[in-house]
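One structure below.
Every read-out reported here was derived from the displayed coordinates using simple, explicitly stated rules and does not represent laboratory data. Note that this is a predicted model, so its numbers are computed, not measured. Note that we place each Cβ from the backbone using ideal geometry, even for glycine, and neighbour counts take in every protein chain shown.
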There are 2 protein chains.
Amino acid sequence: MTGAEVVARCQVLARMSETPGAITRTFCSKPMREAHHALRGWMEEAGMRVSVDHAGNLRGVYPAREGGEACLLIGSHIDTVPDAGAYDGVLGVVLGIGLVAGLGGRRLSFAIEVVAFSEEEGVRFGVPFIGSRGLVGTLDEELLSRTDAQGLSVARALRDFGTGSELPPHEYIGYFEMHIEQGPVLESLGLPLGVVTAIAGQTRAEVCFRGAANHAGTTPMHLRRDAMAAAARWIALVERTARVTVGAVATVGSVQTLPGAGNVIAGEVRATLDVRHADDDVREALVNRLRCTAEKIAERRGLQVEWKTRLLQAAVACNEGMAEMLERAVGASGHRIHRMVSGAGHDAMILSSIAPTAMLFVRSPGGISHHPNESVLENDVDAALAAGSLFLRELETVYGE
Amino acid sequence: MTGAEVVARCQVLARMSETPGAITRTFCSKPMREAHHALRGWMEEAGMRVSVDHAGNLRGVYPAREGGEACLLIGSHIDTVPDAGAYDGVLGVVLGIGLVAGLGGRRLSFAIEVVAFSEEEGVRFGVPFIGSRGLVGTLDEELLSRTDAQGLSVARALRDFGTGSELPPHEYIGYFEMHIEQGPVLESLGLPLGVVTAIAGQTRAEVCFRGAANHAGTTPMHLRRDAMAAAARWIALVERTARVTVGAVATVGSVQTLPGAGNVIAGEVRATLDVRHADDDVREALVNRLRCTAEKIAERRGLQVEWKTRLLQAAVACNEGMAEMLERAVGASGHRIHRMVSGAGHDAMILSSIAPTAMLFVRSPGGISHHPNESVLENDVDAALAAGSLFLRELETVYGE
């Protein structure tokens, strides 16, 4: 199978959408059923036995050669954000099928299961990873009873969609996910592929500066308690501090000024903070420092600062042995090896609780994702197919008899 | 008349409102008619001849002693912002009547006309100074045909309210306005009164920083074009630059982030800028410097900046001779003289085109204005009455026979 064929299949799936002229495919929607139909055909064509599990995941198993009991799981998700691109998630599923198809019927010492996770983006029910949580066995009652905007529960959505029974948990020798990078790093380095070593942990917070709203004309500079001026100093320092912390990203993406009139000094500013790092200790130290900075700025200016932590998510390391095998595969396929941290969450985070995990990034032109202009280069997909095949060979040297 | 009586009259007028439990009295509204009724009674009681002019201004004339042809105009406005306080504008009108009442029937060498301007805040028609523009003769067709939210024109509002004819323009010896400071300066100095030397000029602009919206997790710090980080640096420098420019105020009161999600780097930030100074050259130089700063910050970061000037308003100087007379009056009333610039616009700006203008500020507790908590201290109003009486005496020494 070629990169061009993989891209063409992603484009076929992109036409299965809830919104005409755009790509939107949420959990248990009609286009998800259409996508299952197409994927099932391709899986069966590649020699897989296909079923849908209790969480709506489409799972195709390509058997091992006789006596092989081990199984490698390869996958990604097929749901999308609203007005999405054609490759986020989907590419990894189609590439997985492509790797199996590339075996041309040849059996390995381990089985390969390709999974198309039903849900990763968190769009319909406001929580992500429903598919992968189902596979690892943590789809609990609380999650099943969660409701969407129409008041339908996850359980009801699954029942209406028509799913299979919960499959007995398998002991996988590994989970392998191929995914577009969704960032500009590989492009900036001129590389098609990156080996992911970890998925960054996250802290999200809401930071509120409270001063005093006053007349912009009649309040001299030295008598102001300007919440926006204080927030501006802090935001500038958030950027500077993150820049000198290797591997960290910190973002203030949303700022609200109250009352928000041009001729009134802002009495209150609400800012969001998003901090990520592969090392939880580094992240926590960075967040603490930013919090101290906010408090110092506020104190010096006679303001109050309120800090609400909204999300704390630990980093997830990929399996080091798997990462080394993936590196050898990338190197053997003729490309320079680049290790990198994923700043975005992936199904691999959930799978890492039950299997050694490996993750391969494919260059994102322009770093664009979650947008109709999301793309991949066919040559880069060829490179992923080549590296993926060599990775299977690496695994055979370990798990072969 | 005492400060307590003046405050009590302001409180009577405060009950004339469009909204129960709050003070809102817009141009040509029913409560404006009620206010006219009350003010007319107080004016007549003080010996004035009262009429309503073509712009809805209530005008009471207290005659000069025989042979006196000159006339001093004293006034302020009686319209309010929504959910206003009881003193902005109103205090100056009631104080004007109080000064005349304080003469106890004694005639001066000049007449005194007290005017309650119908409109200053710009609430109903989105343009301020309708009353004072009417008095100085610049209420033109464009302004008269302007419509409110219900589609009614200024001309129609005046006709429905029922106004008098345009009064022949008078040659006033001066315009004297007493007004709450609406800022914290007098309070910070511990003074009841301030002599206004000028009304600051203003520049208002919308400043848009355009970078690139990207994933907050997957875009390393050095590959970002973060519009909020750029805007934050600029806002911090706006504050710093204004602080070192004597007499200047500069405010970024409203900031909008686009797309405005916590996990997306802001691709665009729209910020307002409000710069004021009594010296137009200083203001223009400061604005140019802030514009250059924005452009430099944007250029260094690969962003674009768009600058739209929304308002350019020249400073208006009060009459120096009148200011000196007012200073002597304040000094003679036993208070320390403090000269100051008004950062807010006032009817005096419009009147300065036809008469030498003098303006007296009364301390605003907490600097609070345009808010239900707006207040004045009765002792400060007593001080204003005393200084105002002495100011009339100063004028008599000049305009007496």
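At a glance:
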item: Shielding by partners, peptide A:236-244 (average Cβ within 10 angstrom, other chains); result: 4
item: Cα extents of the range B:129-173 along the three principal axes, largest first (Å); result: 40, 19, 14
item: For B:Cys71, distant residues with modelled amide H under 5 Å away; result: B:Ala111, B:Ile173
item: In the range A:101-189, the GluC sites (Glu not before Pro) that fall in loop regions by DSSP, at most 15 other Cβ within 10 Å; result: A:Glu166, A:Glu171
item: Alpha-carbon centroids, the range B:320-342 and the range A:360-401: separation in whole Å; result: 80 Å
item: Neighbour-count order for B:Arg204, A:Arg363, fewest beta carbons within 10 angstrom listed first; result: B:Arg204, A:Arg363
item: Separation of alpha-carbon centers, the range A:84-159 and the range B:264-303, rounded to whole Å; result: 48 Å
item: Global geometry of the range B:353-401, whether rounded, prolate or oblate, following the gyration tensor of its Cα atoms and the 1.5 cut on a/c; result: oblate
item: Cα gyration tensor shape for the protein assembly as shown, rounded if a/c is under 1.5, else prolate or oblate; result: prolate
item: In order through the range A:181-197: 3J(HN,Hα) via Karplus (6.51 cos²θ - 1.76 cosθ + 1.60), integer Hz, x for Gly, Pro; result: 5, 6, x, x, 5, 4, 4, 5, 8, x, 10, x, 10, x, 9, 7, 9
item: Cα gyration tensor shape of the range B:1-141, rounded if a/c is under 1.5, else prolate or oblate by comparing a/b with b/c; result: oblate
item: Nitroxide proxy distance, nm - points 7 Å out along Cα→Cβ at B:Gln313 and B:Arg336; result: 3.0 nm
item: Given charges at beta-carbon only (K, R positive; D, E negative), |dipole| of chain B in Debye; result: 1420 debye
item: DSSP-loop trypsin sites (Lys or Arg not before Pro) across the range A:35-94, with at most 16 other Cβ within 10 angstrom; result: A:Arg65
item: Residues whose placed amide H lies under 5 Å from that of A:Ser254, excluding near-sequence neighbours; result: A:Thr272
item: Chain B, helix-only ellipticity at 222 nm - DSSP H runs n ≥ 4, -39,500 (n - 2.57), divided by all residues, nearest 500; result: -11000 deg cm²/dmol
item: Position B:Glu18, label points 7 Å along Cα→Cβ, spacing to each other copy in nm (shortest first, one decimal); result: 4.3
item: Which of A:Lys296, B:Lys308 has the fewest Cβ neighbours within 10 Å, and the rest in rising order; result: B:Lys308, A:Lys296
item: Two-site label geometry, A:Ser153 and A:Ala4: point separation in nm, points 7 Å out along Cα→Cβ; result: 5.1 nm
item: Copies compared at A:Lys308 - label distances in nm, ascending, label defined 7 Å from Cα in the Cβ direction; result: 3.2
item: Considering only chain A, percent of DSSP beta bridges that pair antiparallel, nearest 5; result: 70 percent
item: Rough spin-label spacing in nm, given labels placed 7 Å along Cα→Cβ, for B:Glu141 and A:Gln304; result: 5.7 nm
item: Total charge dipole magnitude, the protein assembly as shown, about the Cα centre, Cβ charges on Lys, Arg, Asp, Glu only, Debye to nearest 20; result: 660 debye
item: Check: the range A:201-313 dipole with +1 on Lys, Arg Cβ and -1 on Asp, Glu Cβ, in debye; result: 260 debye
item: The protein assembly as shown - share of DSSP beta bridges that are antiparallel (%, nearest 5); result: 70 percent
item: Paramagnetic label zone (point 7 Å from Cα along Cα-to-C-beta, B:Arg106; backbone N under 18 Å) in the range B:57-71; result: B:62-66, B:68
item: Segment B:Asp160-B:Glu320, length gained on full extension (0.36 nm per residue, minus Cα span); result: 53.5 nm
item: Residue (of A:Leu286, A:Ser352, A:Ala64) at the positive-pole extreme of chain A, dipole from beta-carbon charges; result: A:Leu286
item: Placed amide H near A:Thr147: partners under 5 Å, 5+ positions off or other chain; result: none
